[in-house]
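S.K.: Please see the structure below; I have some questions.
Bear in mind these aren't lab numbers, they're just calculated from the coordinates by the rules spelled out. None of these values were measured; they are calculated from a predicted model. Positions of Cβ are generated from backbone atoms using ideal geometry, with glycine treated the same way; all protein chains shown enter the neighbour counts.
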Ligand SMILES: *Cc1c(COP(=O)(O)O)cnc(C)c1O
Ligand SMILES: [Zn+2]
């Protein structure tokens, strides 16, 4: 629907008019800084930042029911700027004018409920929110839409000119950054840094296909991150990692969409998120908190953070039950099929620590849990899910494995429903599936394929056929008829099919 097709009171409410006043807030010393420039750490104490709307209280003046109705009506609106993550404009980026919004089809991914066999196997009722259905096939597009829309805002205001966007990546960040930068030419170019040999061929092909400059660096992601941090400190570049707080804002849309898709009734939900650099879980916590504070939702869902035992610094931190004795210690990562989460020193850890406290306080009880899973469980659950109609990546498998562990630990009640973040499309990580099917995992993964999940193509060539077709050399006449008949018979016999007669 066009704006003018709505009844008069809606016409006014549907276009965002909240005059937000955003600042960077340091999570270390509490100082605030203006947003006319891109800032990634506090100039005073070097701690990470979050964006804060100093006028957030004004959002609470509007009753929750009215917010809910606004978002539901906006769903009908055909205005491109409000079709993606900016449906929640007042909560995501009130300072971004609609003309600056870049929309490439991100957001509003579906939650697909598990079918009965998969539900029974897991022992919990759940659905995957399939983030692989975003334009670059991962949730990172949400954060890029926000960060690039803000860069366009700065360009339009003359605070920036000629932007070189850079990021370090375990694969998906660079795919997303390169895609948005490619769309926004001229004026914006991009360069991405990847750990050599630590991203899948599919992920490597994405920034190359988008025309980004791609640099491969020795080491793992954490090493790459150090290099882009040095670049962003000493040179005029825009850092697109989740250290950039605009990324976090955009990714909050994930929480807002879940709220809306469950009719704002989220008290019995468990939202499970795989953790790497911890930007995603930061955004999910922050998003639900903001909706809760504004009265859009009445209760906070349970949050479940999941990590592989090969990259588990966040789980280790929370394993210490006494908050006063918790110490964050980075870990040295080992190879993981949840490769996009293979991070030993998550940049957003200070944000997580802060937000988990606030979350539990607002809920009045413990609502955030962390769980560790094995590489074997990740692969087995990914294959179980996809064998039941899903398109989950290995991290989606990780989320499901974590849910099963949480259920076994007694953290999930029988009346609860889980929404699992399948953070990327299965195709990006098909190489791991291949290693599994062919039983070729290097020993350090510790993965032994289960027969029930080993799927391989079967080559059919009846031994009694002298000739078979080949590219450029088709069969004809009786030879072709015989090829078709004998091949069909062979397949039918393997499938145990009896002839229907006639
Ligand atoms: C980036 C990424 C993650 C990890 O998200 P963080 O925000 O780094 O915690 C998980 N899965 C996929 C597919 C990713 O691309
Ligand atoms: Zn500070």
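S.K.: Measure nothing but the geometry: give the 0 to 90° angle between the long axis through the Cα atoms of 64-74 and the longest principal axis through the Cα atoms of the chain, rounded to 10°.
M.R.: Once rounded, the angle reads 50 degrees.
S.K.: Also, I was wondering about something else. Based on the Kirkwood radius over alpha-carbon pairs, what value in µm²/s does the Stokes-Einstein equation return for the translational diffusion coefficient of region 458-502 at 4 °C and 1.567 mPa s?
M.R.: Working: Rh = 11.6 Å.
D = 111 µm²/s.
S.K.: Okay, moving on. Relative to the longest principal Cα axis of the chain, at what angle does helix 375-386 sit, 0 to 90 degrees, rounded to 10?
M.R.: 80
S.K.: Let me ask something else. Using packing as a proxy for protection, rank 418-431, 95-108 so that the peptide with the highest average count of other Cβ atoms within 10 Å comes first. Each step should come with its number before you reach the end.
M.R.: On the way: 418-431: 24.7, 95-108: 18.9.
In decreasing order of mean packing, 418-431, 95-108 become 418-431, 95-108.
S.K.: Can I ask one more? Contact order normalised by length for region 320-381, with contacts defined as Cα pairs under 8 Å and 6 or more residues apart; what percent is it?
M.R.: Working: 25 pairs, mean separation 16.3, N = 62.
It rounds to 26 percent for region 320-381.
S.K.: Contact order normalised by length for region 131-226, with contacts defined as Cα pairs under 8 Å and 6 or more residues apart; what percent is it?
M.R.: On the way: 149 pairs, mean separation 25.0, N = 96.
Worked out over region 131-226, it gives 26 percent.
S.K.: Additional query: Starting from one equal scatterer on each C-alpha and no solvent at all, send me the Debye-based log10 I(q)/I(0) for the chain at q = 0.11 Å⁻¹, two decimals.
M.R.: Those come out to -0.92, one per q.
S.K.: Counting DSSP beta bridges in the chain, what percent are antiparallel, to the nearest 5? Don't skip to the answer; put the middle values down first.
M.R.: On the way: 14 of 48 bridges.
Restricted to the chain, the bridges split so that about 30 percent are antiparallel.
S.K.: Evaluate the relative contact order of the chain (contact order divided by residue number), counting alpha-carbon pairs under 8 angstrom at least 6 apart; express in whole percent. Could the numbers behind the result be given before it?
M.R.: On the way: 940 pairs, mean separation 71.9, N = 502.
Dividing the mean separation by the residue count of the chain yields 14 percent.
S.K.: Could you tell me the distance between the Cα centroids of region 378-410 and region 339-374, to the nearest Å?
M.R.: 19
S.K.: What span do the alpha-carbon atoms of region 139-245 cover on each of the three principal axes, reported in whole Å from largest to smallest?
M.R.: Dimensions of region 139-245 along the principal axes of its Cα atoms: 40, 27, 21 Å.
S.K.: Give me Rg over Rh for region 307-397, both radii from the alpha carbons and Rh done the Kirkwood way, two decimal places.
M.R.: Values: Rg = 14.9 Å, Rh = 14.5 Å.
Rg/Rh: 1.03.
S.K.: Related question: Ranked from highest to lowest mean number of other Cβ atoms within 10 Å per residue, what is the order of the peptides 390-400, 200-210, 312-322, 174-184? All intermediate terms of the calculation are to be shown ahead of the outcome.
M.R.: Numbers: 390-400: 30.5, 200-210: 18.5, 312-322: 16.1, 174-184: 26.5.
Peptide ranking by packing, descending: 390-400, 174-184, 200-210, 312-322.
S.K.: Give me the angle, in degrees from 0 to 90, between the Cα long axis of helix 477-494 and the longest principal axis of the Cα atoms of the chain, rounded to the nearest 10.
M.R.: Between the helix axis and the principal axis of the chain, the angle is about 70 degrees.
S.K.: Using only the alpha carbons of region 212-354, what is the convex hull's orientation-averaged projected area in square nanometres?
M.R.: Details: hull surface 43.0 nm².
Computed as one quarter of the Cα hull surface, the answer is 10.7 nm².
S.K.: Could you give the distance between the Cα centres of region 435-457 and region 210-286, to the whole Å?
M.R.: Region 435-457 and region 210-286 have Cα centres spaced 31 Å from each other.
S.K.: Also, quick follow-up: Going highest first, how would you order 267-274, 451-458 by mean Cβ packing within 10 Å?
M.R.: Details: 267-274: 23.2, 451-458: 9.6.
The densest-packed peptide leads the list: 267-274, 451-458.
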